[in-house]
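First comes the structure, then the notes that go with it.
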Amino acid sequence: MYVRQSRPAGSRGPSRTPHLLEMNRTALRVCVLLLAGLGRAAGGQEHDHNDENAPHSAEKGPSDSHWSYEDPGQWAKHFPACSGTMQSPININTETTIFSPQLRPIQLSGYSLPASQMLALKNNGHTVVLKLPESLAITGGYAQQYRAVQLHLHWGSPSNPGSEHTVDHKRFAGELHVVHYNTKYENFEAAVTQPDGLAVLGVFLEVGPRENPYYQQILEHLRSIQEEDGEVFVPGFNIAGLLPDNLHLYFHYNGSLTTPPCLESVKWTVFNQTVMLSKEQMSVLVSSLQTDDNHLLMNNFRQDQSLHRRWVLASFEPSSSRDRQVPAGGSSSVTAGHTSSFHAGDVLAVLFGVLFAITMLAFLLYVYKNRSQNARLDSPTKSKVIYTAATAENTA
């Protein structure tokens, strides 16, 4: 452009200058529009990427606020992982679970907190979240150590149960999730995208005859955080009291976050023993909090997801008994027929008893037979024959 405008007068260049200038102005406008379009597209791609990979926020609970339990079928449009093949929650079919003796009892560390340590309790519009210090950890039952991040609850309505997982298609009144991240990663945000990044302890809640003092430490503050983003600080307490007494009976499988972005990075432990809350406590849980549109926060659970050939392991062999038992401490088994575990030691004890009975019977028959022979050998013709009966020690 600059060279053509410098041609001397009388040349043919000046006569084309207006036309060339107009062409260049048009080209410039096209370039500006293209750059603007590319900028918007890049911004949109970045937004989608952030939505898809947004970490499971430790402060806001299961995830951010750009989704709703009213339209879970729409989650995958904004969070593609929600349509994956390793999604949670699932229905645990006890007839197809696989007993794994390698599953060891869950061991916890640092779960008893002093009252002087204040904990943030928040209504994030989807659930109530209690932020936990990293001093709480899972130290046994997993190949790696996992540090706690937060715990939250899922529930139904005054007339319907609301646990996320189900057992033999039975849904329980509510469910507690305690979220941990793998310590081999730098922090929660780094761990949440890894296949072994998170470990979540799941506890079924049922209605019982007595008030649960541990859950009361949370429930008594819900009226103070009714509105979304309401937050209050509560005194520390024994977090282990929120879990069942028996931590060695559980189901285990690989799954996902149960809320957007549904990342498939969770190793689930769902305990077989339930925890009881009083009827009044359950009523407080399902009727205290509000959503962002000031509606009552209820039925904040996701429906069962397809197992897609995954295995569900059990740390115990289910009993064939159908009698439901309620252990001391206000807890029960999650299903009839799963009240106890039948371990290898029990099998050995039965086998030993059978073998012992057979051995004793053979010994008695042997003694009886030889006593009959001794009676015949006492005749004068056999006087030099000496017989000594075998002792129990010798026959063994």
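No lab work stands behind these numbers, since they all come straight from the coordinates. Since the structure is predicted, the reported quantities are computational estimates derived from the model, not experimental observations. FYI the Cβ positions are ideal-geometry reconstructions off the backbone, even for glycines, and counts take in every protein chain you see.
Tell me, what HN-Hα J-couplings in whole Hz come from the Karplus equation 6.51 cos²θ - 1.76 cosθ + 1.60 at θ = phi - 60° for each residue of the range 242-259, using x for Gly and Pro?
Residue by residue, the range 242-259 yields 7, 9, x, 5, 9, 9, 10, 10, 7, 9, 9, 7, 9, x, 9, 5, 8, 9 Hz.
Neighbouring Cβ atoms within 10 Å as the yardstick, rank Ser256, Ser159 fewest first. Don't jump to the answer; show the numbers that get you there.
Numbers: Ser256 26, Ser159 7.
Lowest to highest Cβ neighbour count: Ser159, Ser256.
Which order do Lys267, Lys77 fall in if you start with the one that has the fewest other Cβ atoms within 10 Å? Let's see the in-between values first.
On the way: Lys267 20, Lys77 10.
Sorted ascending by nearby Cβ count, the order is Lys77, Lys267.
Ranked by Cβ crowding within 10 angstrom, fewest neighbours first, how are His180, His221 ordered?
Values: His180 28, His221 17.
Listing His180, His221 from fewest to most nearby Cβ atoms yields His221, His180.
Spin-label point model (7 Å from Cα, Cβ direction): what's the Ala362 to Asp168 distance in nm?
Once both label points are built, they end up 4.1 nm from each other.
Students often check this: by mean Cβ neighbours within 10 Å, which of 145-157, 127-139 ranks highest, and how do the rest follow? Could you put the intermediate results ahead of the total?
On the way: 145-157: 22.7, 127-139: 18.9.
So the order, starting with the most tightly packed, is 145-157, 127-139.
From the Cα gyration tensor of the range 55-175, with a ≥ b ≥ c the square roots of its eigenvalues, which class applies: rounded if a/c is under 1.5, or else prolate if a/b is larger than b/c, or else oblate?
It is oblate, given that a/c is not under 1.5 and a/b is not larger than b/c.
Under a crude label model (7 Å from the Cα following the beta-carbon direction), how far is Glu211 from His308 in nanometres?
Placing both labels 7 Å beyond Cα along the Cβ direction yields 4.5 nm.
Of the listed pairs Lys170/Lys267; Lys170/Lys279; Lys77/Lys122; Lys122/Lys279; Lys184/Lys267; Lys77/Lys170, which have alpha-carbon separations greater than 25 Å here?
Working: Lys170/Lys267 22 Å; Lys170/Lys279 19 Å; Lys77/Lys122 28 Å; Lys122/Lys279 23 Å; Lys184/Lys267 15 Å; Lys77/Lys170 30 Å.
Exceeds cut-off: Lys77/Lys122; Lys77/Lys170.
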